[in-house]
Amino acid sequence: MKVSRLIGVLVSLGLVASIVFLANYQREQLQQSNDVKMISSNQYHQDTSINTLSPAIIKHLLEQKFTGIAIDNVELSPLSSFYQVFYSGEVLYISTNGKHVFSGSLIDISGSEPVNYTAVAKQMQDALKAPERKAAIDDIDESEMIIFKSKQEKFVVTIFTDVDCAYCRRLHREMPLLNDLGVTVRYLAYPRAGVGSGSYNNMVSIWCSEDRQTAMTMAKNQQTFGNKKCEAPVSNHLELTRKMDLNGTPAIILADGELIAGYMPAEDFVKYLNEKEARE
C-alpha cells in the first residue's frame, strides 16, 4: 500500500496525531524496536538504564502537578520507558523518569493492521471495575428505578440517563423494540448538569410523579409536565455516577457490571447481548 493511501486510511480512523508521535519518538530513541507484543499489562518490557520512578511516586507526582486529578492506576505501557496512567476512564502516558507526559491514542503500526493500545488498555481497566459496578447496582432497590419491563424478559440492563441528552432520547424512542426483543430497561438518574440544574429538577419531578414511565417518556419527548417535589433519589444516583467514574450518557450497565458507554441501536445492542451470552 502506498504511504499516501495508508495515511488516508489512518486519518479516517483519527490516528494521525498518534502516528506523528510514534515516528518522532522512534527517531529520538535511535530506532528502537517497535515489535511490541501485547501479552498483559504487567509484562511490558521497560528500559531500566534510565532513572525509573515507582508507580506510587508517579501517582503522587501527577496528583501534585495536575490539581484535582485522581489517579486510579499506574502500570507499565507497551511503549518502552513509559507508564500508562488511568484516571476517570481516561489514559495518559508518562516517562518512567517522570519528565514527559502525553495524552492521546498509542498506536502500533508495525503489524499488518494498526493496533490501538490505548483502547485495549481502557477495555482491560474497565473490565476490572465490572464487579464493583455490579455490586453497586445490586444494592439499589428497584423502587428507586423507573422500569420498562419486557414481557419476554431475557436481559436486564440498568441505564443512567439524562432527559437533556439527545442520545438518551434516541434510545428511549427504541424502548418498545428493546422490550419486544426481550430487554428490560431500568433507569437511574444522571443529570449531568448537576444538582439544582434544570435537568436535575426535571428528573426529580419525574421520580416524584405518580406515573413515572409516562413522565419519563414526556420528558424525553420534550413535553412539559407539572413540577413535583418529594424525597427523590436523584442526588444519590448522581453521586453513584461519580463513584463509578461515569462521564457520559447513556451509561448502560449490563447484568455482570460491564459498561457500554453511549448509544447503540436496539438491534445491534440485542445482537451484542446474545453474542455475549453465547460466549459465556
(message) With modelled with pLDDT of 95 or more and among the charged types (D, E, K, R) as the only criterion, which of Lys122, Lys129, Lys149 stands out?
(response) Lys149
(request) Scan region 217-237 and report the pairs whose first residue is polar (S, T, N, Q) and whose second residue is assigned to a loop (DSSP other than H, G, I, E, B), with Cβ atoms within less than 8 Å and a gap of 6+ or a chain change. (result) Ser235/Val195
(request) Go through region 82-97 residue by residue and tally those that are among the small types (Gly, Ala, Ser) and either outside the structural domain of Ile57 (by TED's automatic domain parsing) or modelled with pLDDT under 95 (or both). (result) 2
(request) Return the residue satisfying two criteria in turn: it lies in region 195-227 and is within 22 Å of Arg170 (Cβ to Cβ) and either aliphatic (A, V, I, L, M) or not assigned by TED's automatic domain parsing to the domain that holds Glu174 (or both), and of such residues it is surrounded by the most Cβ atoms within 10 Å (Cβ to Cβ). (result) Met203
(message) If Ile57 meets every condition in (1) modelled with pLDDT under 95; (2) under 29 Å from Lys243 (Cα atoms); (3) surrounded by fewer than 17 Cβ atoms within 10 Å (Cβ to Cβ) apart from one, which number is that one?
(response) (1)
(message) Between a residue in region 58-87 that is farther than 16 Å from Val120 by Cβ and any residue that is basic (Lys, Arg), which pairs come within a Cβ distance under 7 Å, given they are 6 or more apart or on different chains?
(response) Ile71/Lys59; Val74/Lys59
(request) Return only the number of the condition from (1) farther than 17 Å from Asp138 by Cα; (2) in contact with a strand residue (DSSP E or B) (Cβ under 9 Å, 6 or more places away or on another chain) that Gln223 does not satisfy. (result) (2)
(message) Looking at Gly182, Gly104, can you tell me which residue is in contact with a Leu (Cβ under 9 Å, 6 or more places away or on another chain) and either within 26 Å of Leu62 (Cβ to Cβ) or not assigned by TED's automatic domain parsing to the domain that holds Lys229 (or both)?
(response) Gly104
(request) Could you check how many residues of region 128-138 are exposed (fewer than 13 other Cβ atoms within 10 Å of the Cβ) and more than 18 Å from Leu238 (Cα to Cα)? (result) 2
(request) Tell me which residues, restricted to region 176-200, are free of Cβ contacts under 8 Å to residues at least 12 places away in the same chain and hydroxyl-bearing (Ser, Thr, Tyr). (result) Ser197
(request) Residues that are under 22 Å from the mean Cα position of the chain (by Cα): find the strands (runs of 3 or more DSSP E) completely inside region 89-152 holding 1 or more of those. (result) 90-95, 101-103
(request) Residue by residue through region 91-127, note down the ones that are under 26 Å from Tyr187 (Cβ atoms) and either in contact (Cβ under 8 Å) with a residue 24 or more places away in the chain or of a type outside the set (S, T, N, Q) (or both). (result) Lys122, Asp126, Ala127
(message) Going by what's in this entry, would Tyr167 be described as touching a helix residue (DSSP H, G or I) at 6+ places or on another chain (Cβ under 9 Å) and assigned by TED's automatic domain parsing to the domain that holds Pro265?
(response) no
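The values are calculated or read from the model by the stated rules, or taken from the named source; none is laboratory data. Remember, predicted model here, so these are calculated numbers, not experimental data. Every residue, glycine as well, gets a Cβ built from its backbone with ideal geometry; the counts of neighbours run over all protein chains shown.
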